[in-house]
Amino acid sequence: MEYVKIGNVKIKKTAALAPMASVADRAYRILCSEYGACYTVSELVSAKGLCYSDKKTAELCTVTEKERPMAIQIFGDDPEFMKSAAEICMKYSPDIIDINMGCPVPKVVNNNSGCALMKDSQRAAEIVRAVKSVSGVPVTVKFRKGWSSNSVNAVEFAEMLENAGADALTIHGRTKDQMYSGKADRNIIKMVKQAVKIPVIGNGDIDSLESCLDMYNSTGCDLAMIGRASYGNPFIFREIECYFENTEYIPPDIEKRMEIMLYHIKLILQQPEKNNEQRAMKEARKHASWYMKGLYGAAAFRAKCYSLETYADAQRLAEEFLQLQQNK
Ligand SMILES: Cc1cc2nc3c(=O)[nH]c(=O)nc-3n(C[C@H](O)[C@H](O)[C@H](O)COP(=O)(O)O)c2cc1C
């Protein structure tokens, strides 16, 4: 097994779970780690929210042993706030602090944060230096190909981040204007990898073992990171891990999928911040429908998933879905 080292943090070179707000919460990260994700990142956390001690924001920072190695990801536009936020993050003992310079969402970029920092390299560098000065753990940055097709600057931006002291970089091969449309550009990841000495994590459109291997082979990246392809499919991490460990991978049958769906819902129910069944089940609905996606009769079950109210409802739904598969 090969490893990549980000600062002093040793990570298996298999596949990491991407940060995904409102999806990759603690339950999701624990599940994916159990299925072999080699590294996880929190949902993005507002630096200002942390500094003003917003309770919900602080909850996002909790790191449990099962999710390690794990980064807390922060976003903001002000070096001083980012520095204070990093200090607060350190109380949660993350393995890494990641800075978001890739988020394309208007609410974030209109406040000069996320991908907007790709238009202000000097400020981006100041933020890295400020966070580094207090973090005591490796500091990484996640960014995109550029702001738009007219301003693709990932390579210069990466060099600047390295000079400012970043310990590793994650690049998603799309511009901010593309949001999630079109295809992620692997060539830009290759160019970034060739331009810097620090580890580079390649991200965008990995949806199978084959495309993960293609990410490694076509870009030379040090680590591959998977987001959306893990929806209802933590198994993708096991498949990739088995490949690198040279062990047999047994794909899940439908029974296994339903079992893991219920286990995932249990993990959501166990999270203290989802402290009542109704709230947790609301969160569980989209995940339930993702576990069924692509299987026989899934479309008809979508509405049922979105009306789940209790764990017992989910158990009944899983049984009904299995029955349907047997009768098809
Ligand atoms: C629902 C959703 C939420 C996301 N939230 C974050 C986030 O909080 N921080 C971040 O850096 N990227 C975020 N991303 C971007 C992903 O980390 C990743 O870069 C992107 O989905 C491309 O990878 P994929 O093709 O494997 O999904 C989010 C993506 C999605 C779909």
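Bear in mind that the values in this text are calculations on the coordinates, not laboratory data. Computed from a predicted structure; not experimentally measured. Neighbour counts are summed over all protein chains in view; Cβ atoms, including those assigned to glycine, are modelled from backbone coordinates with ideal geometry.
Scanning the range 1-23 for residues that are assigned to a loop (DSSP other than H, G, I, E, B) and charged (D, E, K, R) returns Glu2, Lys13. Give the range 96-115 a look and list any residue that's near the ligand (Cβ under 9 Å from one of its atoms) and among the small types (Gly, Ala, Ser), or say none. Listed by number, the residues that qualify are Gly102, Gly114. Scanning the range 95-122 for residues that are surrounded by fewer than 17 Cβ atoms within 10 Å (Cβ to Cβ), farther than 30 Å from Lys66 by Cβ and not polar (S, T, N, Q) returns Pro106, Lys107, Asp120.
Does Ala85 count as buried (at least 20 other Cβ atoms within 10 Å of the Cβ), closer than 27 Å to Ala37 by Cα and more than 13 Å from the ligand (Cβ to nearest atom)? It is true that Ala85 is buried (at least 20 other Cβ atoms within 10 Å of the Cβ), closer than 27 Å to Ala37 by Cα and more than 13 Å from the ligand (Cβ to nearest atom). Filter the range 217-237 down to the residues that are closer than 25 Å to Glu159 by Cβ and surrounded by 19 or more Cβ atoms within 10 Å (Cβ to Cβ) and list them by number. Thr219, Cys221, Asp222, Leu223, Ala224, Met225 - these are the residues of the range 217-237 that are closer than 25 Å to Glu159 by Cβ and surrounded by 19 or more Cβ atoms within 10 Å (Cβ to Cβ). Evaluate the range 116-137: report whether one residue or more is within 11 Å of the ligand (Cβ to nearest atom) and either without any contact (Cβ under 8 Å) to a residue 24 or more places away in the chain or in contact with a Ser or Thr (Cβ under 8 Å, 6 or more places away or on another chain) (or both). No: zero hits.
Within the range 288-310, residues that are within 17 Å of Glu259 (Cβ to Cβ) sit with their Cβ atoms under 7 Å from residues that are of a type in the set (Lys, Arg), at 6+ positions apart or across chains, in these pairs: Ser289/Arg302; Tyr291/Arg257; Cys305/Arg285; Leu308/Arg285. Selection of first residues in the range 180-206 that are under 17 Å from Phe157 (Cβ atoms) and of second residues that are polar (S, T, N, Q) and assigned to a loop (DSSP other than H, G, I, E, B), restricted to Cβ pairs under 9 Å at least 6 apart or on distinct chains, gives the following pairs, ordered by first then second residue: Ala184/Gln178.
Output the residue which, of all residues in the range 68-82 that are part of a strand (DSSP E or B) and aliphatic (A, V, I, L, M), is farthest from Lys132 (Cα to Cα). Spell out how you get there, then give the answer.
If we filter the range 68-82 for residues that are part of a strand (DSSP E or B), which is where we start, we get 70-75.
Then drop every residue that is not aliphatic (A, V, I, L, M), which leaves 70-72, 74.
Details: Met70: 17, Ala71: 14, Ile72: 14, Ile74: 13 Å.
Looking at residues that are part of a strand (DSSP E or B) and aliphatic (A, V, I, L, M), I get Met70.
Is one or more of the residues making up the range 20-36 crowded, with 19+ Cβ neighbours inside 10 Å, of a type in the set (Val, Ile, Thr), over 20 Å from Lys132 (Cα atoms) and in contact (Cβ under 8 Å) with a residue 24 or more places away in the chain? Yes. Considering every residue within the range 61-75, establish whether at least one is β-branched (Val, Ile, Thr), crowded, with 24+ Cβ neighbours inside 10 Å and within 16 Å of the ligand (Cβ to nearest atom). Scanning the range 61-75 turns up at least one residue that is β-branched (Val, Ile, Thr), crowded, with 24+ Cβ neighbours inside 10 Å and within 16 Å of the ligand (Cβ to nearest atom).
Here Glu241 fits the description: surrounded by 15 or more Cβ atoms within 10 Å (Cβ to Cβ), among the charged types (D, E, K, R) and under 30 Å from Met1 (Cα atoms). The residues of the range 24-54 that are closer than 24 Å to Val9 by Cα, more than 13 Å from the ligand (Cβ to nearest atom) and outside any loop (DSSP other than H, G, I, E, B), listed by number, are Arg26, Ala27, Ile30, Leu31, Ser33, Glu34, Ala47.
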